[in-house]
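The values are calculated or read from the model by the stated rules, or taken from the named source; none is laboratory data. A quick note: this is a predicted structure, and the numbers were derived from the prediction, not measured. Cβ coordinates were reconstructed from backbone atoms using ideal geometry, including for glycine residues, and neighbour counts include every protein chain displayed. For accessibility, only protein heavy atoms count, side chains too; no ligands or nucleic acids. Shrake-Rupley method; radii C 1.70, N 1.55, O 1.52, S 1.80 Å.
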Amino acid sequence: MGVLSYLADPHLVRRIQEAFGVRELSPKPKDGTSASDSDSECDGSSRRGRASSARSTNGGPMEWLNSKAKIKRRVRKYVSPEPPPSSLALRLEEVEYECNAFVDLYFRVAKEAGYETFFVVFLPFVFWNFDTYLARHVTMLWTVSLYIVQAAKQVFRLRRPDSPPVVRLELNMELEKEFGFPSSHATAAAMMPLSCLYCSYSRYVLPFPFALLAVVLVVWFLSVSISRVYLGVHSVLDVVGGTIISLMVFAFAPLMKSFDNNVIFGSD
């Protein structure tokens, strides 16, 4: 239980955010700012921060990168003193934070690979332009794993990491109403590359080394999974749990061939 508690600790999420350059600069302003003023300042606004003071060269590559591309943003965050679905307990506060522009953009783009919009584009594209066999198998494994994840959320009913101490960089009220464990993004990020790799191996003659495809798919998985922790919407435990569910479902991938044959050609 000690390991599970450590992985679920919101302070671990905060330390990971800080490792990627996220720094909270100020608490909620208490000057009686009106709601309309807050909306104009918070929703999607970003600006270049002032030139940072000279830093020690002992900080390593991330320290140098942060010093070269730092931005400031003021966003709205949700503070939930009670577990969901007590959404009425959510209250809005303001927080100003500083982050690395490149890292922030990278993870915000990477997270989109776990949302429905990506699947609506990616799966039909594979089906219509590449290989229906691959599209069918990936879709079946993906849907089974997500079904299990959504059921597990209702069974375990574990909340998302508390903010504070986490800086919630993805502001979505629907996410706040949903339990955190396991992460559906991590499940899809593990299942999609695994199923693509499994269905492609020994089926295609690629014009490049197969290991290169494996590296691309591993980067896909890591980028989406880490983005959920970076954005403060999942704990490390949530991501690990989603990955484990994908691996468990993927163990039944060989059975999909016979199931697919029954769907396409009918049972004997």
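Distance between the modelled labels on residue 219 and residue 175, one decimal in nanometres: 2.4 nm (7 Å Cα→Cβ projection).
Segment residue 15..residue 155, full-extension length gain: 47.6 nm, with 0.36 nm per residue of separation and the alpha-carbon distance subtracted. Provide the per-residue ³J(HN,Hα) series for region 132-146, in order, calculated from phi with Karplus coefficients 6.51, -1.76, 1.60 and θ = phi - 60°, each as a whole number of Hz, with x at glycine and proline positions. 3J(HN,Hα) across region 132-146, in whole Hz: 5, 4, 4, 4, 5, 5, 5, 5, 5, 5, 5, 5, 5, 5, 5. Using R₀ = 45 Å, calculate the FRET efficiency as 1/(1 + (r/R₀)^6) where r is the Cβ-Cβ separation of residue 105 and residue 252; round to 0.05. Efficiency at R0 = 45 Å is approximately 0.75. Return, ordered by residue number, the residues of region 228-268 whose backbone nitrogen is under 19 Å from a label point located 7 Å along Cα→Cβ of residue 7. The answer is 228-251, whose backbone nitrogens lie closer than 19 Å to the label point.
Assuming charge only on the beta carbon of Lys and Arg (+1) and of Asp and Glu (-1), the dipole of region 131-180 about its Cα centre is about 180 debye to the nearest 20. Dipole of region 156-209 computed with +1 at Lys/Arg Cβ and -1 at Asp/Glu Cβ about the Cα centre; of 164, 207, 189, farthest Cα towards the positive end is 207. The residue 132 and residue 210 beta-carbon pair, evaluated with R₀ = 35 Å, returns a calculated FRET efficiency of approximately 0.95.
The mean accessible area for residues of region 112-201, using a 1.4 Å probe and ignoring ligands and nucleic acids, is 45 Å² per residue.
Just the number, please: carbon plus sulfur as a percent of the accessible area of region 128-189, 1.4 Å probe, no ligands or DNA/RNA counted. Summing carbon and sulfur atoms, their accessible area is 62 percent of the total for region 128-189.
Each peptide among 242-254, 207-219 gets the average number of other Cβ atoms lying within 10 Å of its residues, and from highest to lowest they stand as 242-254, 207-219.
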